[in-house]
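The values are calculated or read from the model by the stated rules, or taken from the named source; none is laboratory data. All figures in this text were calculated on a predicted structure; none of them were measured in a lab. Methodologically, a virtual Cβ is constructed for each residue, glycine included, from the backbone with ideal geometry; neighbour enumeration extends over all protein chains shown. Heavy atoms of the whole protein, side chains included, go into the accessibility calculation; ligands, DNA and RNA do not. Shrake-Rupley method; radii C 1.70, N 1.55, O 1.52, S 1.80 Å.
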Amino acid sequence: MNESICNLREQFNDALLAVSTLADLETLKVEYLGKKGLITALLKNMGKLSPEEKKTFGSEVNTLKGYATDAIAEKFEALQKAELQRELDAVELFDISLPPVLDRGSYHPVTLVQRRCEEVFRTMGFAVEDYSEIVTDYECFESLNIPPFHPARDMQDTYYLDNGQLLKTQTSAAQNAIYKKYRDALINEGKTIKAVFPGRCFRNEATDACHENTFFQMEGVMVGKDISIANLIYSMKTMLSEVFDNYGLKVRLRPGFFPFVEPGFELDISCQICGGEGCPSCKHSGWLELCPCGMIHPNVLREGGIDPDEYTGFAFGLGLTRLAMMKYGVKDIRDLNSGALTAMSQFTDDK
Ligand code: FA5
């Protein structure tokens, strides 16, 4: 065998023996078999040899290459086995005969308050409706008396899809479809429209203790003959006293502007975290905006195919996520989207 090939084979054997990790083995492989490796380099010297010598030398280099390739593969397998064994040795032994811990999960606090509200509204004769999270500009704004470029749009920036649709900013986006669904029963059969529609809403805005970019609302509407603010206040009071079991809750109604109601109100509840003293959860005001509401604007009824000279109605947009905060004493709304299962499971016995 050619002396330089013989020397390189010995050098390779010594180096392989010294390798003890997979990473070092990879380095060795590149060093000997890589494009610029030591074995490959041998072939570059062949130019000076006679055709006969070239033949023998080439074949010997190839034999060495095959030998090194096999030896590296064998070492790779041995090192991999050893590494696996080390990992297995590090695993703590456990008793497989112990009974399993079956954690079956729990309802999210928002789901709990949503179901409670649905229950309460059902007892008052409201239908519970579902609606899409992706809506058109018409559904979310234009049908609600908010034309393009109306300044009220600035209050609700959202996430737009390439096709021009958007993630709904408010459950009010379903109002128009609800009016169209029930108007025949209203007009032909004299049936008052009563519906609530909970849903996830999205807003492109900064988050804090009482604002999230993804949150839940429950919209409610009642439309019929002579529906008045008295009906609105009664429905709101009934819902809140049922959800909070009448416990120490103060409510206030103040004027509020929304283009789709006239008159419009903000319905606030006393902060259940600080008892009204002021804290970060209520922006230190002692009150939390929970459920804006008002008498449905004539333009909105008209757009839904209902004659505002004949029928009136109220609408509200209850903040379900905030309601869950207040009901369960969650100080920061962001915790409700945190996915912290242990934290969320403490609010329900119903697992
Ligand atoms: C609206 O969304 C109106 N569509 C409500 C409405 C319906 C008014 C029908 C009149 C008639 P507003 O942006 O204020 O209004 O949101 C309503 C409620 O949703 C708030 O009071 C609050 O409880 C909740 N809410 C709004 N933004 C957020 C947010 N970023 N994070 C958590 N809750 C929110």
Exercise. So which residues in the stretch 298-327 are open to solvent by less than 40 Å² (accessible area, probe 1.4 Å) and not in a helix (DSSP H, G or I)?
Worked result: Gly304, Gly305, Ile306, Pro308, Tyr311, Gly313, Phe314, Ala315, Phe316, Gly317, Leu318, Gly319
For this session: Return a yes/no flag: does the stretch 253-270 have any residue that is in contact (Cβ under 8 Å) with a residue 24 or more places away in the chain, charged (D, E, K, R) and open to solvent by less than 60 Å² (accessible area, probe 1.4 Å).
Result: yes
Exercise. Of all residues in the stretch 328-351 being farther than 22 Å from Val251 by Cβ and basic (Lys, Arg), which is least open to solvent (accessible area, probe 1.4 Å)?
Worked result: Arg334
Seminar exercise, completed: Flagged pairs (Cβ under 7 angstrom, 6 or more apart or on separate chains; first in the stretch 50-72, without any contact (Cβ under 8 Å) to a residue 12 or more places away in the chain; second open to solvent by less than 50 Å² (accessible area, probe 1.4 Å)) are Lys54/Met46
For this session: Select from the stretch 208-217 the residues that are more than 7 Å from the ligand (Cβ to nearest atom) and assigned to a strand (DSSP E or B) and list them in ascending order.
Result: Asp208, Thr214, Phe216
Exercise. Which one of the conditions (1) under 19 Å from Glu289 (Cβ atoms); (2) not in a loop (DSSP other than H, G, I, E, B) does Glu205 fail to meet, given that it meets all the rest?
Worked result: (2)
Exercise. Hey, does the stretch 148-158 have a residue that's closer than 15 Å to Val223 by Cα and crowded, with 17+ Cβ neighbours inside 10 Å?
Worked result: no
Exercise. When you go through (1) outside any loop (DSSP other than H, G, I, E, B); (2) open to solvent by 10 Å² or more (accessible area, probe 1.4 Å); (3) of a type outside the set (S, T, N, Q); (4) free of Cβ contacts under 8 Å to residues at least 60 places away in the same chain one by one for Asp162, which number turns out not to apply?
Worked result: (1)
Exercise. Within the bounds of the stretch 133-142, is there any residue that is under 24 Å from the mean Cα position of the chain (by Cα), surrounded by fewer than 17 Cβ atoms within 10 Å (Cβ to Cβ), within 25 Å of His108 (Cβ to Cβ) and within 16 Å of the ligand (Cβ to nearest atom)?
Worked result: yes
Seminar exercise, completed: Residue set Pro198, Pro263; condition at pLDDT 95 or above, under 27 Å from Ser143 (Cα atoms) and within 11 Å of the ligand (Cβ to nearest atom); output residue Pro263
Problem set entry | Scope the stretch 99-128; condition buried (at least 18 other Cβ atoms within 10 Å of the Cβ) and either part of a loop (DSSP other than H, G, I, E, B) or touching a strand residue (DSSP E or B) at 6+ places or on another chain (Cβ under 8 Å) (or both); matching residues | Ser106, His108, Val110, Gln114, Cys117, Phe121, Phe126
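Here's the yes/no breakdown for (1) hydrophobic (A, V, I, L, M, F, W, C); (2) within 14 Å of the ligand (Cβ to nearest atom); (3) over 25 Å from Tyr138 (Cβ atoms):
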{"position": "Phe257", "(1), (2), (3)": "yes, yes, no"}
{"position": "Ile269", "(1), (2), (3)": "yes, yes, yes"}
{"position": "Gly275", "(1), (2), (3)": "no, no, yes"}
{"position": "Ser285", "(1), (2), (3)": "no, yes, yes"}
{"position": "Ile306", "(1), (2), (3)": "yes, no, no"}
{"position": "Tyr311", "(1), (2), (3)": "no, no, no"}
